Amino acid sequence: MSEIPSRYAPRVRSAAERRDLMSYVWGLALALVLTLVPFAMVQWHWAAHTALMVTIGVLALIQVVVHFRFFLHIGLKRKREDLWLILFSASLLIIMVFGTIWIMVNLAARMAIPM
Amino acid sequence: MSNGILQHPFLDLEARQNKQIFQYPGINLGTEHEEAHTQAESMLFGFWVFLMSDAIIFGMVFATYATLVSGTAGGPGPRELYHLGPVFIETMLLLASSFTFGMASVALKYKHPTSALVGWLLVTLVLGLAFLGFELNDFSTMFAAGGVPTRSGYLSAFFDLVPLHGLHVTAACIWLVCMLGQIAVHGLDTKTKLGLLRLALFWHFLDIVWIFIFSVVYLAGLA
């Protein structure tokens with residue numbers, strides 16, 4: 001078992017290593033862009049309030065996917081149980097977070113609490 | 001190959017190794033690491049379950065913050081208390097530490113000299129501690145401006161959310177020191193490798209939580 005892989009190992013390993021390394025470099029580059037853009041937009045008021053909020057939200061979600069893909073190596077081609085667990089947790093989060101905000105904002109409106 | 005690690009009795013362990021069907025979240029060590037690689041599948045998936053439950057906790061604290069953000073009770077609000085500069089530095093520090101931990105993972109996987117691995121881990125630790133220093137300075141600035149947790153519902157929610165992440169980073173830094181001690185005492189044995197793989201997941205996860213914090217709390221608060 002140890003004879004044959006070791007003969008081919010150096011070439012295979014260096015290619016795999018470059019791929020793993022580039023994953024982190026790409027992740028860093030994309031995350032930097034996705035961070036710098038919203039910070040610059042807020043710093044220099046590049047857009048109206050609503051457009052700014054939507055852009056911040058969308059870029060944050062893209063950056064989360066970038067971190068999952070390039071730093072945590074979770075992708076569609078990999079072991080699917082990890083992805084299922086993320087998607088299940090994400091669906092729970094969406095139900096609970098947006099459910100909470102919906103109910104509380106609705107309650108505030110009905111009780112005339114400024115929100 | 002020892003017998004105690006056979007976790008899938010219906011499949012030949014060696015056949016599974018050769019087909020590289022051991023896979024888990026984060027960087028995969030590969031068959032070169034034999035026992036650490038085969039044990040990582042169940043261990044890292046278990047740790048992943050913990051991370052997702054932690055994500056639910058953070059999600060509910062975020063929802064609390066979102067419902068209370070306008071409840072300033074006449075006290076200082078986000079515009080008076082937040083400063084974009086330090087938050088930007090904190091974001092860069094955490095992103096850089098995620099990258100340097102990635103370099104440490106590559107050094108571990110491809111069996112670089114242990115000194116290289118320890119070097120990347122030390123850089124990561126310094127970046128993590130610098131992040132905590134900037135964050136504590138933020139909090140003291142807020143306190144000085146009257147932004148204490150007891151002032152309003154908004155401030156209670158803020159100090160529930162952001163320091164919770166800071167506590168996680170503190171725990172991760174302590175864990176990192178423990179891993180350095182484990183490397184020093186035991187070397188890179190299977191337990192140490194599995195610990196480093198789990199800490200890497202935790203570290204990258206905390207960076208993802210921070211994306212939500214700088215977007216939802218700071219950028220939305222100052223937009």
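The values are calculated or read from the model by the stated rules, or taken from the named source; none is laboratory data. In this text the structure is predicted, and so the values were computed from the model without any measurement. Here the Cβ positions follow ideal geometry from the backbone for every residue, glycine too, while neighbour counts run over all protein chains shown. Calculation scope for accessible area: heavy atoms of the full protein, side chains included, ligands and nucleic acids excluded. Shrake-Rupley method; radii C 1.70, N 1.55, O 1.52, S 1.80 Å.
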Q: Give the angle, between 0 and 90 degrees and rounded to the nearest 10, that separates the Cα long axis of helix A:80-110 from the longest principal axis of the Cα atoms of chain A.
A: 10
Q: Might you tell me the accessible area per residue for the protein assembly as shown, computed with a 1.4 Å probe and given in Å²?
A: 49
Q. On a 0 to 90 degree scale, rounded to 10, what angle separates helix A:3-43 from the longest Cα axis of chain A?
A. 20
Q. What is the spin-label model distance, in nm, from A:T50 to B:L129 if the labels are put 7 Å beyond Cα along the C-beta direction?
A. 4.9
**Q.** Label-point separation, B:S140 to B:T170 (7 Å along Cα→Cβ), nm
**A.** 1.5
Q: Give the carbon-plus-sulfur fraction of the accessible surface of chain A in %, rounded to a whole number; probe 1.4 Å, heavy atoms of protein chains only.
A: 74
Q: Compute the Rg/Rh shape ratio of the protein assembly as shown: radius of gyration over Kirkwood radius, all on alpha-carbon atoms.
A: 1.02
**Q.** Interface burial for B against A (accessible surface, 1.4 Å probe, total of both chains, Å², rounded to 100)
**A.** 4500
(Q) Rg over Rh of chain B, using C-alpha atoms and the Kirkwood radius, what does it come to? (A) 1.07
**Q.** Over the protein assembly as shown: helical MRE at 222 nm, DSSP H runs n ≥ 4 each giving -39500 (n - 2.57), nearest 500
**A.** -26000 deg cm²/dmol
Q. Given Cα pairs under 8 Å that are at least 6 residues apart, what percent is the relative contact order of chain B?
A. 28
Q. A:T55: accessible area at probe 1.4 Å, nearest 10 Å²?
A. 40
Q) In degrees between 0 and 90, to the nearest 10, how far off the longest principal axis of chain B does helix B:190-212 point, with axes built from Cα atoms? A) 30
Q: Check each residue of the stretch B:190-220 and keep those whose accessible area, probe 1.4 Å, is at least 40 Å² smaller with all protein chains in place than in the chain alone; give them in order of residue number.
A: B:H204, B:I208, B:I211, B:F212, B:F214, B:L219
Q: First compute the accessible area of chain B with a 1.4 Å probe, then give the percent of it belonging to carbon and sulfur atoms.
A: 66
